[in-house]
Amino acid sequence: MAPRGENNIVVVPNMKLEKVFCMKGGNGEGSYANNSQAQARHARSMLHLLRETLDGVQLTSPEVPFTVVDLGCSSGSNTIFTIETIIKHMSKRYEEAGFKPPEFSAFFSDLPSNDFNTLFQLLPPIADPGVSMEEYLAAKGHRSYFAAAVPDCVVDKQSTAYNEGRVFIHGANEGTASAYKKQFQSDLSGFLRSRAQEMMSGGSMFLVCLGRTSVDPTDQGGAGLLFGTHFQDAWNDLVLEWLIWPSTCPTVCRQYDKGMAGGSAEVFDQSGKRTGNPFLTIRSRLINDRKIQCIGLITSEKRDNFNIPVYAPSIQDFREVVEANGSFTINKLEVFKGGSPLVVNPPDDEAEVGRALANSCRSVAGVLIDAHIGEELSKELFFKG
């Protein structure tokens with residue numbers, strides 16, 4: 001049985017990302033299946049690049065099955081759409097060459113914790129599980145880049161890379177950025193070595209991952225929007241949730257709608273009855289004057305021990321790793337601007353934007369956050385986000 005942490009909540013200690021990490025499964029409001037519209041839009045906007053890659057794949061005898069692998073399929077419909085696009089395009093190429101299209105074999109690959117049941121329900125009833133992998137492999141991935149692990153130094157108070165007060169690399173210090181870059185280099189190199197062992201000569205790999213245009217690794221672009229200010233503020237709210245007057249004054253002040261220096265609040269007595277009208281409190285001043293004390297739902301250490309395992313590389317970051325690895329030749333490498341990571345209708349509705357942002361973050365990182373602080377506090381965090 002898992003040990004219990006703060007507030008008697010079951011948590012997963014010393015998380016191994018490969019054991020617990022996946023997009024949020026199922027079909028609920030916060031699931032990946034219902035919050036991957038932006039990814040779908042980005043995938044469709046890059047179909048011309050995918051078809052260009054497929055046009056460079058050498059045709060073999062139609063007697064040999066054509067194999068496609070989605071590396072990081074998750075549990076939404078986007079992977080089905082992409083696989084169908086590949087099959088249709090390659091079938092057309094075979095027909096134009098005067099051949100009957102071969103059998104197609106599609107492999108959906110992800111971490112063991114992925115919700116494959118939801119994915120399988122989306123598949124058309126045409127699959128033959130007995131088809132084996134043969135000569136050619138077209139590998140494809142449409143995903144953010146997730147690190148295999150959060151660098152140890154990022155959560156080490158003694159390290160210059162310690163990401164104090166933050167849960168993401170966006171806006172962090174140079175030491176944190178350097179640690180994440182090294183993790184990216186190690187992970188991508190290992191990924192390329194593994195794919196090189198699996199693929200036959202003549203195969204192609206089409207990779208789409210989160211990237212950035214800035215030379216500054218602490219400017220994470222679209223990922224900074226998703227896991228930046230609002231997400232960080234939600235974590236900070238869990239740390240500074242309750243403001244309590246000294247025992248000589250039997251009132252409790254719970255803040256909400258907090259700003260940078262303070263915000264609105266209401267005063268309650270110890271029985272929970274409201275005793276005053278909303279008022280403005282300057283949090284930092286009251287704390288410094290020791291007129292109140294803070295009791296958080298989590299400690300600052302608990303927050304600082306959590307970091308989103310995401311790194312958006314630049315083109316140069318990516319090129320350096322591929323060339324140093326030597327397993328693959330780059331046919332084409334470019335930054336493709338896919339637009340906002342959120343799809344909101346209507347786009348000017350603040351409530352809808354907030355809900356979409358919270359659900360998008362939850363669909364991607366919710367499982368990790370559940371494992372770190374428990375499901376109840378995770379719900380509280382995303383409600384605030």
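For this structure, a couple of remarks:
- Taking 0.36 nm per residue of separation and subtracting the current Cα-Cα distance, fully stretching the chain between Ser159 and Ile87 would add 21.0 nm.
- Calculated from backbone phi, Karplus (6.51, -1.76, 1.60) coupling profile of segment 41-52 in Hz, x at Gly/Pro: 5, 5, 4, 5, 6, 10, 4, 5, 6, 5, 5, 4
- FRET efficiency estimate (nearest 0.05) - Cβ-Cβ, Glu376 to Ala196, R0 45 angstrom: 0.50
- Amide H contacts under 5 Å for Phe206, placed H, 5+ residues apart: Ala139, Lys140, Gly141
- Candidates per GluC sites (Glu not before Pro) in segment 49-90, loop by DSSP, up to 12 other Cβ within 10 Å: Glu63
Read-outs: derived from the displayed coordinates by stated rules, not from any lab. Just so it is clear, the structure is predicted and the values come from calculations on it, not from any experiment. As a convention, Cβ positions derive from the backbone with ideal geometry for all residues, glycine included, and neighbour counts pool all protein chains shown.
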